[in-house]
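Report on the following structure.
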Amino acid sequence: MNTPIPPLSQRLRAATRASHRRLERSPIMARLSQGRNPALADYSALLAALANPMAEFDRAIEAGLNSHPDAPAYRPRSPLLGADLAALGARPPAPGPPGWRPRGPETAGVRYVVEGAALGGAVLARQLGQRFGPRADPACAYLRIGEGLAPDHWSLITAWLDAYGSRRPEHGAAVIAGAVKAFEQIEQALEDP
Ligand code: HEM
């Protein structure tokens, strides 16, 4: 008897668990969430490091929406990152050299990563509030994006991914590869922010 394949959202979580753990433990995240003397400059460096990968992810997700008319509405992250950097008096980084361009089903995996990051963003925003007080508030639009989304937004995302996975099981591997690659891009960007 064939074992049923788990829903796509569960496969995505399993495939990216180790990357998520590495990201949470990356030096810059650790400094911001547990370090003794976190500096707003660390936070600014984090936002700047995320800016170029997120710009590419926004582009790919928005292009991919054409093939996914049933996907929940998407709010691009780049303008929020730009506004947060401006609130800290920092400029967005110059665009990097052309890198990975997610295509086709990979973009659904990228969407999983970008939307999931909002869950951790809320946690990090609370920690920054405790550490920096109101100074960080005006620069937390990206981390707090979840507050402006419907309360069931994440369930809508996982339900959409699961429905896509059942409808197009042959795309599952590419969706997962897209998520793994998106995590790698972020890890790389955070290696030396
Ligand atoms: C850019 C960095 C990050 C990315 C790309 C990211 C990505 C993700 C993804 C994809 C999920 C969904 C997991 C699932 O399928 O349930 C998630 C959940 C979560 N992340 Fe992150 N994350 C990031 C940073 C962080 C940080 C720094 C923290 C901690 C401060 C964190 C804490 C969490 C928490 C608490 C959840 C929810 C887990 C749950 O409710 O089951 N994340 N993140």
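Kindly indicate whether residue 156 is closer than 28 Å to residue 30 by Cβ, away from the ligand (no atom under 13 Å from the Cβ) and among the aliphatic types (A, V, I, L, M). In short, no. Name the single residue that is nearest to residue 173 (Cα to Cα) among those in the stretch 26-37 being more than 9 Å from the ligand (Cβ to nearest atom) and assigned to a loop (DSSP other than H, G, I, E, B). Filtering the stretch 26-37 for residues that are more than 9 Å from the ligand (Cβ to nearest atom) and assigned to a loop (DSSP other than H, G, I, E, B), the one nearest to residue 173 (Cα to Cα) comes out as 34. Among the residues of the stretch 103-132, those that are more than 14 Å from the ligand (Cβ to nearest atom) and either in contact (Cβ under 8 Å) with a residue 60 or more places away in the chain or surrounded by 20 or more Cβ atoms within 10 Å (Cβ to Cβ) (or both) comprise 104, 105, 106, 107, 132.
Give the residue that is surrounded by the fewest Cβ atoms within 10 Å (Cβ to Cβ), with candidates limited to residues of the stretch 167-177 that are assigned to a helix (DSSP H, G or I) and touching a residue at least 60 places away in the same chain (Cβ under 8 Å). Here the answer is 169. Would you confirm whether or not the stretch 139-153 contains a residue that is under 30 Å from residue 166 (Cβ atoms), free of Cβ contacts under 8 Å to residues at least 60 places away in the same chain and touching a Phe, Trp or Tyr at 6+ places or on another chain (Cβ under 9 Å)? Yes.
Any residue that is of a type outside the set (Ser, Thr, Tyr) and within 13 Å of the ligand (Cβ to nearest atom) - is there at least one of those in the stretch 54-70? Yes, the stretch 54-70 contains at least one residue that is of a type outside the set (Ser, Thr, Tyr) and within 13 Å of the ligand (Cβ to nearest atom).
Checked against the criterion of being in contact (Cβ under 8 Å) with a residue 60 or more places away in the chain and more than 13 Å from the ligand (Cβ to nearest atom), the stretch 4-13 contains one or more residues that satisfy it. Per the listing 49, 86, 60, the residue uniquely closer than 27 Å to residue 132 by Cβ, at pLDDT 95 or above, assigned to a helix (DSSP H, G or I) and touching a helix residue (DSSP H, G or I) at 6+ places or on another chain (Cβ under 8 Å) is 49.
The values are calculated or read from the model by the stated rules, or taken from the named source; none is laboratory data. For clarity, every value in this text was computed on a predicted model and none was experimentally measured. Cβ coordinates were reconstructed from backbone atoms using ideal geometry, including for glycine residues, and neighbour counts include every protein chain displayed.
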